[in-house]
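What follows is a set of notes on a single structure, which appears directly below.
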Amino acid sequence: MTDIDGWEIDLRQIYGGRWRDRKRFGLGESLWEAPDGSYAVLLYGIGEIGINKEVGHLAVFRDKQAPVTVARFGRQLFWHRDDDTAQFGEGGLFLVHRYDVTGKRLMATPLLVDTTRGAWAMPPDLPGVFHRLHRLRSTDCVLCRDDETAAPAVSLDPSALRWRTCRPGGGILVSAFAWGIPAAISTGYLWALIRFAALPVVGTIDQMLPDGPLADETHFDQLWQPLMVAGPAFAAYVLGLAGLVRRAVLATGRAYGLAVWALVLVCLSPLVFMGLNAVLDRSPAAVREVVVLNKYESTDPNTGANPMWRLTLASWRPGRELEILPVSENEYRAAIPQQTKVALTLHTGYFGHNWIASYRLQPPTR
């Protein structure tokens, strides 16, 4: 916790992913307390963008004894205007100036914030530069020019403006979408892997790879089937994150991290697809005897370590000639090509891809 004008604020939590930038770029903070002390406005991550031009991110707190975040603008930047950075009105309303770039011009756009609702509104295009607050209430708002305190002035009706919610983290629905979806999918993936590991599947993880539970050639349907679902779902999720970023509900850095997380889940979807193919399968077991056509041993080409033993089997599946079965070293030594048969206990698979529940080498035929 950091004491800022009597407010104990957890700056590390407020900065989030930008915390390292604070020391690296010498960023600072400034706080303005409402006249009645009911809330405070914090400008953090303040840095220079030009000579005598500073901007930062905005957060609003209430309850000085145990500060609670009322609103946070993760992506938007606001001008640091010394004592005029936060201009307070009545009923929890205040005015700040958003940093905007129009063409090559740096603009200061007035923004009204309602701390009681955790909402903000941007006045329509003003007929000139009106930055100083003359009066701000729930029923009316009067803005003046910087060099004048009364007239000329422009009056607004706050109730007629479009107010947008900007609560910490964006609220329950935003959290459920942004963090809940990848968390739920990750939990499902973990469940599928644990359940797969508990199945009586003999062999190695090769039986779960996108090549199939047995493989000689890649079956692309085991790749495109899960990707046809995961790909569009990923695109919709990323578009949703982009929308949250545009609304300043979600910080850009967090959206990027969540998108990467979702992309990893998409890449893992073929692997989990084959795991679910076995975990969800309730088909009866079928036993097949196939002949061992050949066998081979493979090791790491650089170190000669991590030996793996494989048997080449005659395929029983339409359109295929060969299948590859991973076995132990003893089984590999015992197998005699063209003589040994392997009895396979097979299941159809929930998605139609065979998987092995068990196998047993038969005595060589004479």
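Only Cα sites of segment 315-366 enter the Debye sum here, all with the same form factor; the resulting log10 I(q)/I(0) across q = 0.21, 0.30 1/Å is -0.90, -1.31, listed in q order. Between ARG12 and TYR256, the contour length at 0.36 nm per residue exceeds the alpha carbon distance by 85.9 nm. Assuming R0 = 51 Å, can you tell me the calculated FRET efficiency for the pair MET122 and LEU190, based on Cβ-Cβ distance, to the nearest 0.05? So the FRET efficiency works out to roughly 0.70. Of the peptides 108-117, 271-280, the order by per-residue mean of other Cβ atoms within 10 Å, starting with the highest, comes out as 271-280, 108-117. Note on LEU239 and ASP5: their simple-model spin labels are 4.4 nm apart, each label 7 Å out from Cα toward Cβ.
How would segment 1-134 be classified by its alpha-carbon gyration tensor: rounded, prolate or oblate, with rounded meaning a/c under 1.5 and the a/b versus b/c comparison settling the rest? Could the numbers behind the result be given before it?
Working: a/c = 1.90, a/b = 1.13, b/c = 1.68.
Judged from the Cα gyration tensor, segment 1-134 comes out oblate (a/c at least 1.5, b/c at or above a/b).
When the solvent-accessible area of segment 36-88 is split by element, carbon and sulfur atoms take up 43 percent of it, the probe being 1.4 Å.
Counted residue by residue at 0.36 nm each, then reduced by the alpha carbon distance between them, the extension gain from ASP100 to ASP82 reaches 4.7 nm. Computed from the C-beta positions of ALA198 and TRP316, the FRET efficiency with R₀ = 30 Å rounds to 0.65. For THR348 and TRP224, FRET efficiency with R0 = 22 Å and r from the beta-carbon atoms, rounded to 0.05? After rounding, the FRET efficiency stands at 0.65. D by Stokes-Einstein for segment 46-85, Kirkwood Rh over Cα pairs, 20 °C, 1.002 mPa s: 187 µm²/s.
Taking label points 7 Å from Cα along the Cα-to-Cβ direction, ALA334 and ARG282 give a separation of 3.5 nm. Stretching the chain fully between SER155 and ARG24 yields a gain of 42.9 nm (0.36 nm per residue, less the alpha carbon separation). Exposure check, 1.4 Å probe, all protein chains in place: ILE49 carries approximately 70 Å² of accessible surface.
The values are calculated or read from the model by the stated rules, or taken from the named source; none is laboratory data. Treat the numbers as computed from the prediction; the structure is a model and nothing was measured. Cβ: placed from backbone, ideal geometry, glycine included. Neighbour counts: every protein chain shown. Heavy atoms of the whole protein, side chains included, go into the accessibility calculation; ligands, DNA and RNA do not. Shrake-Rupley method; radii C 1.70, N 1.55, O 1.52, S 1.80 Å.
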